[in-house]
Each structure stands twice: as structure tokens, then as C-alpha cells.
1. Over the Cα atoms of segment A:2-123, what Rg and Dmax result, in angstrom?
2. Quick one: which residues, 5 or more positions from A:Asp91 or on another chain, have an amide H under 5 Å from its amide H? H modelled 1.01 Å from N in the peptide plane, none for Pro or chain starts.
3. Extending each Cα 7 Å along its Cβ direction at A:His50 and A:Ala20, get the distance between those two points in nm, one decimal.
4. Just flag the trypsin sites (Lys or Arg not before Pro) in segment B:56-123 sitting in loop per DSSP whose Cβ has no more than 12 other Cβ atoms within 10 Å.
5. For segment B:116-155, what are Rg and Dmax over the alpha carbons, in angstrom?
6. Charges only on Cβ, +1 for Lys and Arg, -1 for Asp and Glu: so what's the dipole of the protein assembly as shown about the Cα centre, in debye to the nearest 20?
7. If neighbour count is taken as other Cβ atoms inside 10 Å, put B:Trp56, B:Trp84, A:Trp98 in order from fewest to most.
8. Mind giving me the FRET efficiency for B:Arg124 and A:Ser32? R0 is 45 Å, r the Cβ-Cβ distance, nearest 0.05 is fine.
Amino acid sequence: MQKKIVLVLALLSLIGVSVAASPQDLLKGYESQSGKASQARGEQLFNAKHGKEWSCASCHETPPNHDTKHIVTGKLIKSLSPNSNPDRFTDQAKVEKWFKRNCNDVLGRECVAQEKADVLSWLLTVK
Amino acid sequence: MKTYFLLSLLALLALLALPASAARMAMPADAPKSYEAECASCHMAYPPGLLSQKNWQNIMSGLDKHFGTDASLDAKTQTEITQWLMKNAATREKYAAFAPENRITKTAWFMRKHDEIRAEVWKRAGVKSPANCAACHTDAVKGIFNEDNIRIPAK
């Protein structure tokens, strides 16, 4: 059953339909494509630099539970953790878009499902 | 009669002078929602009239490497925003000149307008970057850039 939901969500996102989801749904989706999420790995990935100029925390700060400013442009970035901002991780297409952009900026490549699961599982613990 | 003539001439001149100044560079009313959603999440939604067609074309075809960051879009949104930018790009010679590095901040008019700003001011935490128009131009998001609406952050 879980697999079916994930499959439907994936198909909908492929055709560009904005899918309302909960952060927990998204986490399950990423876990089903990889393995069980690790909050510790997620925290580490979020806070460390990965050979490039920025970490995730360069813009989102840490813990990411408050509004911050873009490190270059100074533009307001709304709080990232779902506990502090209920709008976060509720739109799969948007989540995928930002993972793609920001992983390219921070790691120089796209993130794999396991990394997304890890980071999201940690963010869900950030109060 | 002569006074009336002079007054209307003055009014006409004033009207003509208005668009000649970057004091006002409003956002066209038909901006697609995606422009705000996609472009203005990282920086102000710059009025398209501040860059030439060629500059916008360059920017939109290199979004995966957008001034040091990945700002890539899905194909549909990319087309929508590109077409709108092209339609509303600068037409007057001053703004339509090719901007080096596709940066508004490298245009001749921008540099002349800001030549009295010391390097240290640009680096203040409240400013961060010349791309951050609204740091000093308090009504920049409304397209108002005139000198009465400037407040430079002290830090």
C-alpha cells in the first residue's frame, strides 16, 4: 500500500502536478527509495561543508528554526524546519526543486534519496 | 496666454523627463506568478527593464550556473519567464546597452549612479551585496529608486 502511494506521488510529480504532502509522507517516500533515515547523518550533512564554499547552514543557519538571510543577497529565507514553519516540506515538486539546486551548490552534485531522507529526518527533530 | 503656454511646456518637459530617470522602474503588471516564486526567492524581483534582451537571454540559458548558484527551472516555467523577460526587456538605449557579465551592477548607468558609495558600505551586514537593492532603496520592490527613498544601513 505504502509503495503504491509513493508510486502515485512520484508519477504526479513527474507530470508537474503540485502534490500536497506532509513532511512525514515525503520522508517515507525517500526511505522507500533508499534505507532507514539517520538523523545523525542528516545533521552532519546539513552542517558540514562538502568541498565547496557553502554548507546548508550558510543560508539556513543552525539550528534552522528561524528566518534567516541569503548569505550573498541578504534576501529573507523563511524558517526551514517543519516544526517552526508548517509550510515546509508540503509540496513535493518544490522540495525536489530546492534539493536539486541546493545540493548542487553545497555538494556539487544532486543528493540521493538516502541523503534527502537523512536531512529531512533530522529537520523533523529541530524544534 | 503666454504664461499658460510656458506652464504647459514645463509640464510637458516634466513628463518627458520622468521616464528618463531610473527613479521609477516599475514591474510590468503582467508579471507571471512564477517570476516572483522562482526568481525572487533568492533576490529581489528585478524589473526586466533594467537589462537588455541579450542579457536576459544569457541569464535564462545558464540558470544551472547562476552567479555561483544553481537556479535551474523546469522547462515550462523557464519558457514562461524567458518570454516575459524578453517582451519587457530594456528598450531605451541607456538601459539596453549590453551589461558586462549580465550584471545590472556592471552597467555604466548603475556604476555612475553609485560611484559615491564606498566599498565598505557595500560590505555592511545590512547591505551584503549591490544586488540587494532594497537594503538602501526602501521602496525598491515597488520599483521606486529615487533619492528621497534611500536609507543606507549604518551597519
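1. Final numbers for Rg and Dmax: 14.0, 42 Å.
2. A:Ala21
3. 3.2
4. B:Arg92, B:Arg118
5. 9.7, 27
6. 280
7. Ranked by crowding around the Cβ, least crowded first: A:Trp98, B:Trp84, B:Trp56.
8. So, using R0 = 45 Å, E works out to roughly 0.40.
Bear in mind these aren't lab numbers, they're just calculated from the coordinates by the rules spelled out. Fair warning: this is a prediction, and the values are worked out from it, not measured in the lab. We place every Cβ from the backbone using ideal geometry, glycine too, and count neighbours over all the protein chains shown.
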